[in-house]
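One structure is given below, encoded as structure tokens.
The values are calculated or read from the model by the stated rules, or taken from the named source; none is laboratory data. Predicted model, so just to flag it, every value in this text is computed and none were measured. For neighbour counting, all protein chains shown are included, and Cβ atoms are generated from backbone atoms with ideal geometry for every residue, glycine included. These accessible areas exclude ligands, DNA and RNA; they are computed on the full protein's heavy atoms, side chains included. Shrake-Rupley method; radii C 1.70, N 1.55, O 1.52, S 1.80 Å.
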Amino acid sequence: MKKFLKRFFLVLIVVIVLVQIPFIYRRYQTGKLAQKIGESQTQRIERAEHIFNEYKGIIHAHTSLGGHSTGGFDELIAAANSNDLDFVLMTEHWSNEFDTSALTLNGVYGKTLFVGGNEVDTADSDRFLMIPGSADAASFRNGPTTAFLEKTRSENKLAFVTYPEKLKSWDSNFDGIEVFSLHTSAKQINPFIGIFDLIWSYPAYPELTLASYFKRPDANLQKFDETAAKRKISLFAGTDAHSNIGFHLFGDDAGNKLINIKIDPYETIFRLARAHVLIEKDKQLTREHLIEALKTGRSFIGFDVFGESSGFSFVAESATGNHFMGDDALLSDGVRLKINSPNKARFVVFRNGEMINESADVSDLVLNVYGPGAYRVEVYLDSLGPPFDKMPWIISNPIYVR
Ligand SMILES: [Zn+2]
């Protein structure tokens, strides 16, 4: 019996060691990836200035104020400032007792502009980000989506769909869709695989460990393209920062946890996916101008964890001048798309969701347009190797050719 036990434990140790090997290799690969990203940053192509200032920030952030979160204001402000974020759109959960959008961060703290918004539900079980928020945020759950959208529209607020996979009212008149959610992405990590990455890769490379699980949101982009083919709409990536996702193995939801590691501190999660917003140079970065630009679709998604995406540009030239993301251009004026990226990459151009051009290893592309439709671009950094040849670095908003 003793001999058997000895043998059993020996085998167990061998198995435990063998199981680590792929995760040790993944750590090595993540280190290589970090090196490649570092190198690519030294090869950035600086672009000539255009008529916009580009601002980068975060859409969809919670604190403990709205529940479901353990994050505090100080932690959030410090993370926004150290990440050089120009803005953060706060989206506190509603409360029956008080106006969470008024109590959350509003105004400029350090170098970052904060806008207090709400995450709201409607009786149709649709979920939206409303920016700015309001004292009646809790009441929308008693009415239909149409009533919510009418109200936000009359008050010139931003109404963005969050959790589009659960949206029922696709025909309603919202401003945009959260095509990618960091929260949803992190929740999909298999905890039994994730725990080993957490041990081996996360301590040295927290952002890249989380980013290695990113997948192109095929279904959400398809729904976006279907909608954009019919009407103007904008896309964005939501951070849905709660500062509360942890691996709490061997514990319960009451907070008794033997192993409890928070994997989404604001500091880490603010480096992953950002909204890059274009505002005319003669305008200041204010709440109103930010909302106006996001409503128009004058923005793109940058998964900046793979490299700083600032400087990307997507413009349609025609006889009447330049048209930018969110704009209309007339086919009869002769339209040419011009795409510039701050690093050499693969450009994929879509028309109403259908791929019409793919160009590898380029930083500039000019493309003649022959048909009407919503045109948008995805940029891929194939140089980072798989799986990043399938996960975009940049996703633009559309230009609409009529
Ligand atoms: Zn949320």
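Overview of results
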read-out	value
MRE, 222 nm, helices only [DSSP H, n ≥ 4, -39500 (n - 2.57), over the chain, to nearest 500]	-8500 deg cm²/dmol
Stokes-Einstein D (µm²/s) once Rh is taken as the Kirkwood radius of region 98-143 over alpha-carbon pairs, at 25 °C in 0.890 mPa s	219
Burial order of peptide ranges 221-232, 281-292 (average beta-carbon count within 10 Å, highest first)	221-232, 281-292
Three-way shape label, region 330-370, alpha-carbon gyration tensor, a/c 1.5	oblate
Average accessible area per residue (Å²) across the chain - probe 1.4 Å, nucleic acids and ligands excluded	45
Most to least packed among 201-212, 19-30, 317-328, 171-182 [average Cβ atoms within 10 Å]	171-182, 201-212, 317-328, 19-30
Percent accessible area from carbon and sulfur atoms, the chain, protein chains only, probe 1.4 Å	56
Kirkwood-type radius of region 1-120, with distances r between different C-alpha atoms, in Å	19.1
If the convex hull is drawn through the Cα atoms of region 193-242, its volume per residue in Å³	98
Reciprocal mean inverse distance between Cα atoms of region 74-208 - Kirkwood radius, Å	16.6
Set of aspartates and glutamates near residue 283 by C-alpha distance (under 14 Å), chain-local residues within fewer than 8 positions excluded	54, 292
DSSP beta bridge pairing in region 107-247, given as percent antiparallel to the nearest 5	60
Charge-dipole axis of region 1-310 as Lys and Arg at +1 and Asp and Glu at -1 on Cβ define it, positive-most pick from 52, 142, 228	228
Span per principal axis, largest first, for the Cα atoms of the chain (Å)	87, 55, 39
Mean separation of Cα contacts under 8 Å, 6 or more apart, over the residue count of region 1-310: relative contact order %	20
Hz values of 3J(HN,Hα) by residue in region 132-144 - Karplus curve (6.51, -1.76, 1.60), Gly and Pro given as x	x, x, 7, 5, 9, 4, 6, 6, 5, 5, 8, x, x
Relative contact order (%) - region 257-354, alpha-carbon pairs under 8 angstrom, separation at least six	21
Region 1-310: antiparallel DSSP beta bridges as a percent of all, rounded to 5	55
Degrees between helix 2-42 axis and first principal axis of the chain (Cα, 0 to 90, nearest 10)	30
Rg/Rg_globular for region 276-345, with Rg_globular taken as 2.2 N^0.38 Å and Rg from C-alpha atoms	1.23
The chain - charge dipole about Cα centre, Lys and Arg +1 at Cβ, Asp and Glu -1, debye rounded to 20	1540
Positive-pole candidate from 76, 391, 167, dipole of the chain, charges at beta carbon	391
